[in-house]
Amino acid sequence: MGMTMSQKILAAHAGLNEVKAGQLINAKIDLALANDITGPVAIKEFERAGASQVFDKSKVVLVMDHFAPNKDIKSAEQCSICRKFAADKGILNFFDVGNMGIEHALLPEKGLVGAGCLVIGADSHTCTYGALGAFSTGVGSTDMCAAMMSGEAWFKAPAALKFVLTGKPAKYICGKDIILHIIGLIGVDGALYKSMEFFGDGVKYLNIDDRFTICNMAIEAGAKNGIFPVDDVTREYLKGRYKGEIIEYAADPDAVYEKVYEIDLSNLKPTVSFPHLPENARTEWGSIGIDQVVIGSCTNGHISDLRMAAEVLRGRKVAKGVRAIIIPATNQIYLQALKEGLIEQFIEAGAVVSTPTCGPCLGGYMGILAGGERCVSTTNRNFVGRMGHTSSEVYLASPYVAAASAVTGRLASPWEVLG
Amino acid sequence: MKIKGKVFKYGDNVDTDVIIPARYLNTSSEKELAAHCMEDIDPSFLNEVERGDIIVAGDNFGCGSSREHAPMAIKASGVALVIANSFARIFYRNSINIGLPISECPAAVVAIKKGDIVSCDLASGVITDETTGESFRAEPFPPFIQEIVADGGLIAHLARVKK
């Protein structure tokens, strides 16, 4: 029986010729990731287990990104625990203020993930690296601890859903619209425990940042992972970055998919997920006044995202009464945006630009909402209280929609501003 | 392992942000986390919860973040069992790994009401609503998972087995 792309990567890392959906396997991992929130819990468990060394100093990654630069004493203590652990264990990939970025933008940029890799991370958006043809999935701190100790993790080989993307997206339609549309279609548990595998001639129109965004939000449909086939876009991105061996896996023609969805990208419209679930995707809305816009996060803090925002904000002004906060996902992206003149355009438009941090996405800091306030955000979750007060509202959208909303002061389509 | 307590009932898609809001994730102290458990979805929870109580909820319980702080906060608040139609996959795995008993039983979720006294035998998977007398059967975990849960989580379990 044929295997899906995800099953093939799992089988290869478990030393098996074949795995079937539902099969329990133990697999060697290529990378284990934690951050300043999940890391300290994993470290505490590591010490409780009496472990002395990590399995491979080059394969454990710690990124200080959620509440760093630290927002308060407690978060500083959390980072301090990670910093001491990294120094003590000789961890080579420890990223702190100065060389850090939001983890899921940072790891690909640093060349730590390549096609064919098996990655686990104590962060739910670890599924992002499927954009590179890797199998990657989020776990908790205890699993991270076990992986740091052993270099292995157990998995239940997932069943899969197939998404055939056809056609060329219209102007101002990007990866975010595609994934919000899909989550709207299948629901927040539509892919529970399963792989989301993307196919079709529409894939070639998606740049690597679009693919990162789409795989990043696979978890918002409950998926174990999202994954794209490897093509020239992937190879071009990995060239000069990833130093390891690239292994290009492809699904077998007779691989089993529980369901097949055909998505015509040329039909998609700017899509917004209304409060309080990512599945509340809409393409039409009335006049909805807003208080804040956030453009950034592991979902949409890439250079392409900043270019989309700049296309709208360049030469225009953020509407009176709206706070627009722009957060490049890594220092490298920040620098690139600076060289391209985007940062200047943002500031002249009346937006603020922050150092990389997850900050407001999870209601940490750098843009918390008061009661009753509304925010259009390029982040990934709009649960009750996600970005602040429980009566605040988050509207998930693309950088085009977010920037257009910043300019108009209400939830807006990019067409309304750019014509 | 036998559990008996009163029920707190919630709907579908109870996410990790309402179980323990990220603004409190600047600590990994179980006690501090428990002090804010469920406060954004049910402000009365913390006043009413007692050791041994049970949460009953709908589909996709624990969706969202991978934060192990979510099952940690529930467990440290005194809750002894979560029964749901289904669990988000990372939450499911985290619960076992930290020793929080969970059970998937849609029939029980439909019938059990807020405030009912419910008992559960984890070994057999039998859930009884003591208030109404109705019984339900969930698929019990295989013995090795039951052992991990009974030992208080994966790391504690490995430590015990090693001895």
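Return the FRET efficiency for the residue pair B:GLU30, A:VAL352: r is the Cβ-Cβ distance, R0 is 35 Å, and the value is rounded to the nearest 0.05.
On the way: r = 37 Å, r/R0 = 1.05.
In this case the efficiency is close to 0.45.
Can you tell me which of A:107-114, A:80-87, A:251-258 comes out highest on packing, and rank the rest after it, using the mean Cβ neighbours within 10 Å? Could the numbers behind the result be given before it?
Working: A:107-114: 22.2, A:80-87: 17.2, A:251-258: 14.1.
Going by the mean number of other Cβ atoms within 10 Å, highest first, we get A:107-114, A:80-87, A:251-258.
Please work out the Cα center distance from region A:103-151 to region A:346-419, rounded to the nearest Å.
27 Å
For chain B, what does the alpha-carbon gyration tensor say about shape, rounded, prolate or oblate, given a ≥ b ≥ c as the root eigenvalues, a/c under 1.5 as rounded, and a/b over b/c as prolate? Walk me through the numbers before you get to the answer.
Details: a/c = 1.59, a/b = 1.07, b/c = 1.49.
In terms of gyration-tensor shape, oblate.
Classify region B:1-87 as rounded, prolate or oblate, taking a ≥ b ≥ c as the square roots of the eigenvalues of its Cα gyration tensor: rounded when a/c is under 1.5, otherwise prolate if a/b is larger than b/c and oblate if not. Let's see the in-between values first.
Numbers: a/c = 1.56, a/b = 1.16, b/c = 1.35.
Because a/c hits 1.5 or more and a/b fails to exceed b/c, region B:1-87 counts as oblate.
Quick one: Karplus J couplings for region A:12-19, per residue in order, coefficients 6.51, -1.76, 1.60, θ = phi - 60°, nearest Hz, x for Gly and Pro?
Residue by residue, region A:12-19 yields 4, 7, 9, x, 10, 6, 8, 10 Hz.
Roughly how many whole Å is it from the C-alpha centroid of region B:76-99 to that of region A:26-94?
Their Cα centres are 24 Å away from one another.
Can you give me the orientation-averaged projected area of the convex hull built on the Cα atoms of chain A, in nm²?
Working: hull surface 75.0 nm².
Value for chain A: 18.7 nm².
Classify region A:56-191 as rounded, prolate or oblate, taking a ≥ b ≥ c as the square roots of the eigenvalues of its Cα gyration tensor: rounded when a/c is under 1.5, otherwise prolate if a/b is larger than b/c and oblate if not. Numbers along the way, then the final one.
Numbers: a/c = 2.09, a/b = 1.61, b/c = 1.30.
It is prolate, given that a/c is not under 1.5 and a/b is the larger ratio.
I'd like the accessible area for B:VAL161, computed on protein heavy atoms only with a 1.4 Å probe and all protein chains in place. Round to 10 Å², please.
90 Å²
Starting from the residue with the highest accessible area, list A:HIS181, A:HIS389 in decreasing order, probe 1.4 Å.
Details: A:HIS181 65, A:HIS389 90 Å².
So, going from the largest accessible area down, we get A:HIS389, A:HIS181.
So what are the ³J(HN,Hα) numbers for region A:220-225, from phi and the Karplus equation (6.51, -1.76, 1.60; θ = phi - 60°), rounded to whole Hz, Gly and Pro as x?
Couplings: 6, 9, x, 5, 7, 7 Hz.
Collect residues whose amide H, placed 1.01 Å from N in the peptide plane, falls under 5 Å from the amide H of B:PHE87; neighbours closer than 5 in sequence don't count.
Amide H to amide H, under 5 Å and 5 or more residues apart or across chains, B:PHE87 pairs with B:ASN60, B:PHE61.
Per residue of region A:327-342, what does 6.51 cos²θ - 1.76 cosθ + 1.60 with θ = phi - 60° give for ³J(HN,Hα)? Whole Hz please, x for Gly and Pro, Karplus curve as stated.
So the Karplus estimates, Gly and Pro as x, are 10, x, 6, 9, 5, 4, 5, 4, 5, 4, 5, 5, 5, 7, x, 5 Hz.
Which links in A:LYS71/A:LYS320; A:LYS20/A:LYS89; A:LYS243/B:LYS162; B:LYS75/B:LYS162; A:LYS168/A:LYS239; A:LYS156/B:LYS9 stretch past 32 Å when you go from one Cα to the other?
Values: A:LYS71/A:LYS320 28 Å; A:LYS20/A:LYS89 37 Å; A:LYS243/B:LYS162 38 Å; B:LYS75/B:LYS162 25 Å; A:LYS168/A:LYS239 26 Å; A:LYS156/B:LYS9 30 Å.
From the list (A:LYS71/A:LYS320; A:LYS20/A:LYS89; A:LYS243/B:LYS162; B:LYS75/B:LYS162; A:LYS168/A:LYS239; A:LYS156/B:LYS9), the Cα-Cα distance tops 32 Å for A:LYS20/A:LYS89; A:LYS243/B:LYS162.
Which one of A:GLY341, A:THR234, A:SER266 is farthest out on the positive end of the charge dipole of chain A, using unit charges on Cβ (Lys, Arg +1; Asp, Glu -1) and the Cα centre as origin?
The Cα lying farthest towards the positive end belongs to A:GLY341.
Arrange the residues B:LYS4, A:LYS176, A:LYS339 by how much accessible surface each exposes, largest first, with a 1.4 angstrom probe. Let's see the in-between values first.
Values: B:LYS4 130, A:LYS176 0, A:LYS339 155 Å².
Most to least solvent-accessible, the answer reads A:LYS339, B:LYS4, A:LYS176.
Find the centroid of the Cα atoms in region A:233-267 and in region B:106-163, then give the distance between the two in whole Å.
After rounding, the separation between the Cα centres reads 40 Å.
Considering only DSSP beta bridges with both partners in region A:272-418, what is the antiparallel share in %, to the nearest 5? Working shown, then result.
Working: 4 of 18 bridges.
The antiparallel fraction comes to roughly 20 percent.
Enumerate the amide H contacts of A:GLY226 below 5 Å, restricted to partners 5 or more residues apart or on another chain; note that Pro and chain-start residues carry no placed amide H.
The answer is A:GLY130, A:SER136, A:MET196.
Set the Förster radius R0 to 41 Å, insert the Cβ-Cβ distance between A:ARG48 and B:SER44 as r into 1/(1 + (r/R0)^6), and round the FRET efficiency to 0.05. All intermediate terms of the calculation are to be shown ahead of the outcome.
Numbers: r = 34 Å, r/R0 = 0.83.
With R0 = 41 Å, the Cβ-Cβ based efficiency is 0.75.
How are the alpha carbon pair distances in region A:272-418 distributed across 10 Å bins from zero to the largest one, expressed in percent?
Histogramming region A:272-418 at 10 Å steps yields 14, 48, 33, 5 percent.
Quick one: order A:LYS59, B:LYS113 from most to least accessible surface, probe 1.4 Å. Walk me through the numbers before you get to the answer.
Values: A:LYS59 65, B:LYS113 125 Å².
The ranking, largest first, comes out as B:LYS113, A:LYS59.
The values are calculated or read from the model by the stated rules, or taken from the named source; none is laboratory data. Since we're looking at a predicted model, the values are computed, not measured. Here the Cβ is made from the backbone with ideal geometry for all residues, glycine too, and neighbour counts use every protein chain on show. Remember, those area values only see protein heavy atoms, side chains included, never the ligands or the DNA or RNA. Shrake-Rupley method; radii C 1.70, N 1.55, O 1.52, S 1.80 Å.
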